[in-house]
1. For residue 328, which of the numbered conditions (1) surrounded by 15 or more Cβ atoms within 10 Å (Cβ to Cβ); (2) closer than 27 Å to residue 196 by Cα fails to hold?
2. Hey, can you tell me all the residues within the range 224-263 that are in contact (Cβ under 8 Å) with a residue 60 or more places away in the chain, open to solvent by 50 Å² or more (accessible area, probe 1.4 Å) and not in a helix (DSSP H, G or I)?
3. Here is a list: 341, 361. Which entry is open to solvent by less than 50 Å² (accessible area, probe 1.4 Å) and of a type in the set (Val, Ile, Thr)?
4. What tally of residues in the range 406-416 results from selecting those that are within 25 Å of the chain's Cα centre (by Cα) and open to solvent by 100 Å² or more (accessible area, probe 1.4 Å)?
5. Could you check how many residues of the range 165-203 are closer than 20 Å to residue 69 by Cβ and open to solvent by 40 Å² or more (accessible area, probe 1.4 Å)?
6. Can you find, within the range 34-46, the residue that is modelled with the lowest pLDDT among those that are surrounded by 15 or more Cβ atoms within 10 Å (Cβ to Cβ) and outside any helix (DSSP H, G or I)?
7. Does residue 348 satisfy the condition of being among the basic types (Lys, Arg), farther than 30 Å from residue 402 by Cβ and either modelled with pLDDT of 95 or more or open to solvent by less than 50 Å² (accessible area, probe 1.4 Å) (or both)?
Amino acid sequence: MEQSTTAADDHRRSPAHDPAHDPAHDPAHDPVRSPAHDRLEEFLPRDGSGPLSGQLVVDFSRVLAGPYSTMMLADLGATVIKVEGPKGDDTRHWAPPVRDDDATYYLSVNRNKYDIVLDFADAEDLQVAQKLAARADIIVENFKPGGLKKFALDYDSVTESNPNVIFASVTGFGPQNPLPGYDLLMQALSGFMSVTGSPEGSPYRAGVAVFDVITGLHTTIGVLAAVAHKTLTGEGQLVETNLMSSAMSGLVNQSGAYAAAGVTPTRMGNAHPSLYPYQPMAAKSGELIIAAANDGQFAILAEVVGRPDWCDDARFATAKNRNANRDALEPELLEALQAHTAQEWFDKLSAAGLPCAPINTIAEGVEHAKSLGLEPVVETGSGERIIPTVRNPITLSKSEVSYDLAPPELGADSDRIRDWLDTL
């Protein structure tokens with residue numbers, strides 16, 4: 001695509017330039033601030049001053065990877081319009097659990113968004129969708145490859161009227177493979193399940209859709225990189241992510257072991273292939289995660305459990321040797337841990353500086369985060385619709401994450417969005 005810049009773009013690269021004193025500076029031609037942005041904020045206002053404030057994201061995605069990404073963008077200040085079909089996002093119906101009439105699955109990834117219902121089979125609704133796409137700064141979609149082409153909502157079609165759009169496309173297996181993508185399929189196909197579970201038992205999936213979440217994060221990173229590129233050059237671009245590639249990346253040392261050394265990892269239960277002890281250990285009562293990731297940490301463990309002699313034993317003194325001789329060390333370590341309960345060891349080992357943790361329930365995990373002052377739960381929205389959601393994990397010192405919009409009810413903003421489009 002030919003590079004497109006304006007005088008305002010060039011001046012913005014120079015720290016000494018002050019647009020307010022430049023008679024050539026015209027806000028109407030500023031890609032960051034324009035009358036269209038002002039009308040957007042009049043109809044669909046956002047609180048806060050996040051780094052993506054004023055950016056319009058049209059969200060043609062559903063379920064998890066795409067909505068997770070657009071929620072991250074919305075938390076950072078973007079105005080996100082979630083486009084749903086007449087039946088709504090699938091996750092609206094994934095229940096229990098529920099909060100009142102809302103599935104908590106849906107609530108967990110859709111805060112800070114406006115919502116419009118459009119039926120692409122209806123000519124008038126499709127025209128509205130196309131008008132949204134023509135106005136968008138960023139589009140995120142996760143249709144099957146080619147699924148939007150027949151609606152003229154694919155990247156090539158949209159760029160005819162919106163050449164500098166940032167268009168993020170999320171697929172299961174890449175744009176050349178029309179197979180449907182679900183997280184559970186990726187956990188199986190990627191090899192993840194082959195390294196999850198007991199060595200003697202069956203492969204297990206993770207307790208969360210881990211590769212959907214990772215793909216959502218990868219999509220957000222790609223979009224933010226494209227925003228940075230557009231700030232420098234004025235150019236938009238196509239951003240593509242897929243669940244399978246994100247799974248390969250998300251397997252990190254496990255997929256890396258095969259890529260770099262031809263080693264095929266196998267299930268080890270809760271044990272670590274390269275570190276020991278780095279797993280749950282049974283105490284007098286309960287189990288405790290012990291993470292002795294280096295020789296200094298192992299020395300702390302040995303001292304606190306009353307076995308400093310382990311550090312003088314060549315079999316256990318170094319990480320490499322501990323790993324090779326874990327079968328010899330484990331019975332001695334388990335015997336030493338019988339002196340106290342898991343909670344007592346947690347208190348003693350934590351005080352000494354050794355990384356360790358009890359195995360909590362989700363409720364206990366949230367409460368523990370609260371006890372650390374992390375405030376993991378935030379109320380989102382205002383008025384009659386206030387929904388508790390999990391805090392965005394990013395803290396910015398110059399621009400705050402905002403939580404002004406509760407996850408929207410189906411079609412809650414259809415009229416407002418249509419009214420705004422009529423002003424363009």
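1. All conditions pass for residue 328, except number (1).
2. Residues satisfying the conditions are 237, 238, 240.
3. Details: 361 fails: open to solvent by less than 50 Å² (accessible area, probe 1.4 Å).
None of the others qualify; the one that does is 341.
4. 1
5. Within the range 165-203, residues that are closer than 20 Å to residue 69 by Cβ and open to solvent by 40 Å² or more (accessible area, probe 1.4 Å) number 5.
6. Per the stated criteria, the residue is 34.
7. Considered against the rule, which asks whether it is among the basic types (Lys, Arg), farther than 30 Å from residue 402 by Cβ and either modelled with pLDDT of 95 or more or open to solvent by less than 50 Å² (accessible area, probe 1.4 Å) (or both), residue 348 comes out as yes.
Per-residue answers, yes or no, for (1) at pLDDT below 95; (2) open to solvent by less than 80 Å² (accessible area, probe 1.4 Å); (3) part of a loop (DSSP other than H, G, I, E, B); (4) closer than 30 Å to residue 297 by Cβ:
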residue	(1), (2), (3), (4)
365	no, yes, no, yes
380	no, yes, no, no
394	no, yes, yes, yes
398	yes, no, yes, no
404	no, yes, yes, no
418	no, yes, no, no
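The values are calculated or read from the model by the stated rules, or taken from the named source; none is laboratory data. None of these values were measured; they are calculated from a predicted model. Ideal geometry is used to build each Cβ from the backbone, glycine not excepted, and the neighbour counts take in all protein chains shown. Only protein heavy atoms, including side chains, enter the accessible area calculation; ligands, DNA and RNA are left aside. Shrake-Rupley method; radii C 1.70, N 1.55, O 1.52, S 1.80 Å.
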